[in-house]
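Take a look at the structure set out below.
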Amino acid sequence: MEPPFPNESQAGDETAAPPADELQKLQEKIEVHERRIDELSRAYADVLNERESFRRRLERERDRQLEVSKADTAQIVLDTMDDLRRACASNAEDARALSEGVRLIADGLQRRLESMGITPIETEGKAFDPLLHEAIDLAPTDDRAADGLVVEETRGGWRYGERVLRPARVRVARYLPPVDAPSEPSPGS
């Protein structure tokens, strides 16, 4: 019986070292795969670098747009402040004229805000909505149909598109049923 492992001394053994040309081919394959791995590693590093550069560019662009928006808003506020200073500096002896001037300034400011997409929240006569309104007081009413309606706005609310910037502070009607007059005790009690 032959031993399970071939003897090194046997000539023509099948487990002998591969020929030099086969070894050369394997070395070449390894080198090709190593070059491919290096190539893919560099490409992956380039993709990571490009991704990071893109993220930084997006941040810079966002910051730039934020600065432009701030400057646009500041321009509106500054123009309004200038109008108010001119109104205060005028020698209007008529309080009605001064009041009219301030009202015109407020209207102009509201138009500018609306051009930016900032609009007032409608309140009076509308149903109370906790997403739009902040109830600061209840106003008793004997009209059942008025229950839950806004009866007075104490501070205006504003929204930007669908987003509420500031809820409106309001008084809300609350229905209180009439209280019956106390009945007089009956004579037999």
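Structure above, values below:
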| read-out | value |
| --- | --- |
| Residue within the range 117-129 that is farther than 30 Å from T80 by Cα and touching a Lys or Arg at 6+ places or on another chain (Cβ under 8 Å) present | no |
| Meets criteria (closer than 20 Å to G156 by Cα, under 24 Å from the mean Cα position of the chain (by Cα) and assigned to a helix (DSSP H, G or I)) for E114 | yes |
| Single match in D21, D13, D46 (criterion: among the acidic types (D, E), part of a helix (DSSP H, G or I) and either surrounded by 10 or more Cβ atoms within 10 Å (Cβ to Cβ) or modelled with pLDDT of 90 or more (or both)) | D46 |
| Filter result (surrounded by 15 or more Cβ atoms within 10 Å (Cβ to Cβ) and among the charged types (D, E, K, R)) within the range 105-125 | R112 |
| Residue count for the range 134-157, restricted to those that are out of contact with any Pro (no Cβ under 6 Å at 6 or more places or on another chain) and surrounded by 12 or more Cβ atoms within 10 Å (Cβ to Cβ) | 16 |
| Residue, nearest to R166 (Cα to Cα), within the range 72-104, restricted to residues that are surrounded by 10 or more Cβ atoms within 10 Å (Cβ to Cβ) and of a type in the set (G, A, S) | A74 |
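The values are calculated or read from the model by the stated rules, or taken from the named source; none is laboratory data. For clarity, every value in this text was computed on a predicted model and none was experimentally measured. Because the Cβ atoms are built from the backbone with ideal geometry, glycine has one as well, and the counts that use them run over all protein chains shown.
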